[in-house]
């Protein structure tokens, strides 16, 4: 998975929200989806706040919660940020998405994304590597 995949997920969530939004009233599922989108945007902003010069300055973590279990994917993040705060936001998003899945009877594919083994840098962007 490259670093553009989380952006595509965010774009899809945004498009879904825009296409289903009602100007007068928003149902609870739309409100919960907007909350998930906001949380993920904050996570991406932190993860993308530094350029990738040295892979040793980067790590990765699982993010999200599929309805079938397991993460949505993996995301690289710089070790030069407040890592504890960042991972706390990732965990809060995971818990919120898990609750969203339960509350709204969401289904998903039951495949598990492959965990990366490293972070590489290419054109100052982090790239998840797999051995």
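The values are calculated or read from the model by the stated rules, or taken from the named source; none is laboratory data. These figures come from a predicted structure and were not determined experimentally. Cβ sites come from the backbone with ideal geometry, for glycine too, and all protein chains shown count toward neighbours.
For the stretch 33-48, which residues satisfy the criterion of being closer than 14 Å to residue 78 by Cα and assigned to a helix (DSSP H, G or I)? Talk me through it step by step, then tell me what you get.
If we filter the stretch 33-48 for residues that are closer than 14 Å to residue 78 by Cα, which is where we start, we get 43-48.
Answer for the stretch 33-48, where residues must be closer than 14 Å to residue 78 by Cα and assigned to a helix (DSSP H, G or I): 43, 44, 45, 46, 47.
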Quiz item: Which ones in the stretch 49-81 are touching a helix residue (DSSP H, G or I) at 6+ places or on another chain (Cβ under 9 Å), assigned to a loop (DSSP other than H, G, I, E, B), farther than 21 Å from residue 100 by Cβ and in contact (Cβ under 8 Å) with a residue 24 or more places away in the chain?
Solution: 50, 80, 81
Quiz item: Can you tell me which of 85, 94 is closer than 25 Å to residue 34 by Cα and either surrounded by 14 or more Cβ atoms within 10 Å (Cβ to Cβ) or at pLDDT below 95 (or both)?
Solution: 94
Quiz item: Among (1) at pLDDT 95 or above; (2) farther than 28 Å from residue 130 by Cβ; (3) not in a helix (DSSP H, G or I), which single condition is residue 30 missing?
Solution: (3)
Exercise. Return yes or no: is residue 123 at pLDDT 95 or above and either surrounded by fewer than 17 Cβ atoms within 10 Å (Cβ to Cβ) or over 25 Å from residue 46 (Cα atoms) (or both)?
Key: yes
Practice problem: Show the residue pairs that are 6+ apart or on different chains and have beta-carbon atoms under 8 Å apart, the first residue being within the stretch 19-42 and within 18 Å of residue 98 (Cβ to Cβ), the second being at pLDDT 95 or above and not in a helix (DSSP H, G or I). | Solution: 29/104; 32/104; 40/63; 40/64
Quiz item: Can you tell me how many residues in the stretch 82-115 are in contact with a helix residue (DSSP H, G or I) (Cβ under 9 Å, 6 or more places away or on another chain), part of a helix (DSSP H, G or I) and within 18 Å of residue 45 (Cα to Cα)?
Solution: 6
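In the set 61, 117, 80, 109, which member is over 21 Å from residue 29 (Cα atoms) and under 17 Å from the mean Cα position of the chain (by Cα)?
Values: 117 fails: under 17 Å from the mean Cα position of the chain (by Cα); 80 fails: under 17 Å from the mean Cα position of the chain (by Cα); 109 fails: over 21 Å from residue 29 (Cα atoms).
Criteria check complete, one pass: 61.
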